[in-house]
There are 2 protein chains.
Amino acid sequence: MVSADTVWPDHLFADLDRTGPIPLYFQVSSRLEAAIRSGELPPGSRLENEIAITQHLGISRPTVRRAIQELVDIGLLVRRRGIGTQVVQGQITRQVELTSLYEDLKNTAREPGTKVLIHDIVEADEIVAERLRVPVGSNVVHLRRQRTAGGVSIAILENYLPEAFGDITTEQLQLRGLYQILRARGVTIRVANQLIGARRADTDESTRLGIDDGGPLLTMERVAYDNAGEAIEYGHHCYRPDMYSFETTLVAR
Amino acid sequence: MVSADTVWPDHLFADLDRTGPIPLYFQVSSRLEAAIRSGELPPGSRLENEIAITQHLGISRPTVRRAIQELVDIGLLVRRRGIGTQVVQGQITRQVELTSLYEDLKNTAREPGTKVLIHDIVEADEIVAERLRVPVGSNVVHLRRQRTAGGVSIAILENYLPEAFGDITTEQLQLRGLYQILRARGVTIRVANQLIGARRADTDESTRLGIDDGGPLLTMERVAYDNAGEAIEYGHHCYRPDMYSFETTLVAR
DNA sequence: AAGTGGTCTAGACCACGCG
DNA sequence: GCGTGGTCTAGACCACTTG
């Protein structure tokens, strides 16, 4: 018997497509996520148990579990053995996505712009060589860009890429984010390692970002890897701390 | 037929325990992780395919897949359909764990210390009430602590907890990290939402942390939730940026 | 004792990348 | 065409929580 206080928005799952290319578990998890974010499943709601969901949807339990797990992984649901599955109390929302700052800004509806300060080929110093796993002194693409949102400077981005990306043009960089350009070339970033910190701005940085000389900067250093596990990009960026910050959701395994 | 250039450290898996309480997939993934981190499986190595591993270990394919998935999730392995599974090139290592600063510091072998500056019960203002999901004006525990490592001040931590934690003693707080105390009471943090930024230090902060007045501070604001999805802790912390930074590994889904 | 999620099996078929 | 990982099934038994 199912407890009376459980919820399951059955109507959302009437049109599951078993023939198309979209996995069943994804169809279920995305509809469920929408129901949670819209408030249809309020914080604290208890979902029906997995067996019951199985019967409602006509799919197997591992598939149901995978759908639920997707939402547990992003911190929207909490599972407890012997208890059930509940919507988390906090309306925690965004995740630090594996996207570029450019896309972050687009999503916040401030018009992003890019000024390319440096775009050349240099020999890798020890740090760049180590990060990109190329020999010291080999050629790498070097970028320095200034990023604006709604006309206001908010970040200075310095990046290094393997020489294979030497044919990226300055025009492309002015129009799009780096990750967009990479994706258009069939390169997908799969894993990234980031180090977030803070330091004083130097004179050049404070002038460009329109802040006080010596004022605080938020910094991020990142190495990104593609599908094949190859290092694709190393960069160290700095941000106006009153215009940008990093949001993360951590979920215990 | 298995390609000649694949690797599988079969000897590591001779003693899998099928009767004990430790899940098979975890036994496999943790041994595999150790082999990767030790360098026994160097970056770029191709693992044997999943069917072959199934036969080597005498376990089913979903179990093998789950073990591999654990390491994909932390950025150690990369899977490609039609290609296989490989060790990531970069030695991605630590993760921002769901632990307190205290434990972070212990792991880096600098002796952590805590000075309790404030420990009282206050009425929740609007922000605290919203974060902890309690009524405005209801009682909450208020903490302000100064954290040292090897005798050097590195952070000021301000936290709010529901009144149910009013029996935590100042002595406990001096000896242990907050999350340790919570765990000892049977409270496990499951989900946390963090916002990381930077700002200027005020005079009190700069004095306590031994930095210049107005110098840069790394800041973190966090709300943490337990197994049941209940808000357990809200805090805003600041760190000496030359002594502490945040490391994250992001993995695309 | 009853109900829940956690783990595991032994298959099946499909989609993608490559030669 | 072949090998790879991606998805899915229909069960089974176990461990934990609560009444």
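Here, each number is a calculation from the coordinates, and none is a lab measurement. Small disclaimer: the values here were computed from a predicted structure and weren't measured. Neighbour counts are summed over all protein chains in view; Cβ atoms, including those assigned to glycine, are modelled from backbone coordinates with ideal geometry.
Of B:Thr19, A:Thr54, the sequence from fewest to most neighbouring Cβ atoms within 10 angstrom is B:Thr19, A:Thr54.
Suppose R0 equals 41 Å; then what is the FRET efficiency for A:Thr207 and B:Leu195 from their Cβ-Cβ distance, rounded to the nearest 0.05?
Efficiency for this residue pair is about 0.90.
Counting only GluC sites (Glu not before Pro) that DSSP places in a loop and that have at most 15 other Cβ atoms within 10 Å, the longest clean stretch of chain A runs over A:98-253. In a simple Cβ point-charge model (Lys, Arg +1; Asp, Glu -1; nothing else charged), the protein assembly as shown has a dipole of about 1200 debye relative to its Cα centre. Between helix B:24-38 and chain B there is an angle of about 90 degrees, using the helix long axis and the longest principal axis of the Cα atoms. Inter-chain neighbour count for B:241-251: the average number of beta-carbon atoms from partner chains within 10 Å of each residue's beta-carbon is 6.
To the nearest whole percent, what portion of all C-alpha pairs in chain B is separated by more than 32 angstrom? In whole percent, the long-distance tail amounts to 40.
Quick one: check the C-alpha center-to-center distance for the stretch A:56-90 versus the stretch A:211-253, whole angstrom. A separation of 31 Å, based on Cα centres. Gyration tensor over the Cα atoms of the stretch A:10-87: the corresponding equivalent ellipsoid has semi-axes (square roots of 5 times the eigenvalues, largest first) of 19, 14, 12 Å. Of the trypsin sites (Lys or Arg not before Pro) in the stretch A:164-221, the ones in a loop by DSSP (not H, G, I, E or B) with at most 15 other beta carbons within 10 Å are A:Arg185. Among A:Asp5, B:Asp242, a tally of other beta-carbon atoms within 10 Å of each Cβ gives an order, fewest to most, of A:Asp5, B:Asp242. Around the amide H of B:Asn227, modelled in the peptide plane, lie the amide H atoms of B:Thr188, B:Arg190, all under 5 Å away and 5 or more residues distant in sequence or on another chain. Here the Karplus curve 6.51 cos²θ - 1.76 cosθ + 1.60, taken at θ = phi - 60°, turns the phi angles of the stretch A:78-89 into couplings of 10, 10, 9, 4, x, 10, x, 10, 10, 6, 5, 5 Hz, with x standing for Gly and Pro. The base-10 log of I(q)/I(0) for the stretch B:188-240, evaluated at q = 0.29 Å⁻¹, reads -0.99 [Debye formula, identical scatterers on Cα atoms, solvent excluded].
Among the trypsin sites (Lys or Arg not before Pro) in the stretch A:1-95, those placed in a DSSP loop whose Cβ has at most 11 other Cβ atoms within 10 Å are A:Arg18, A:Arg81. Taking the longest Cα principal axis of chain A as reference, the axis of helix A:61-73 is set at about 40 degrees.
Note on the stretch B:118-245: with charges restricted to the Cβ of Lys and Arg (+1) and Asp and Glu (-1), its dipole about the Cα centre is near 540 debye. Distance distribution note for the protein assembly as shown: the fraction of Cα pairs above 42 angstrom is 24%.
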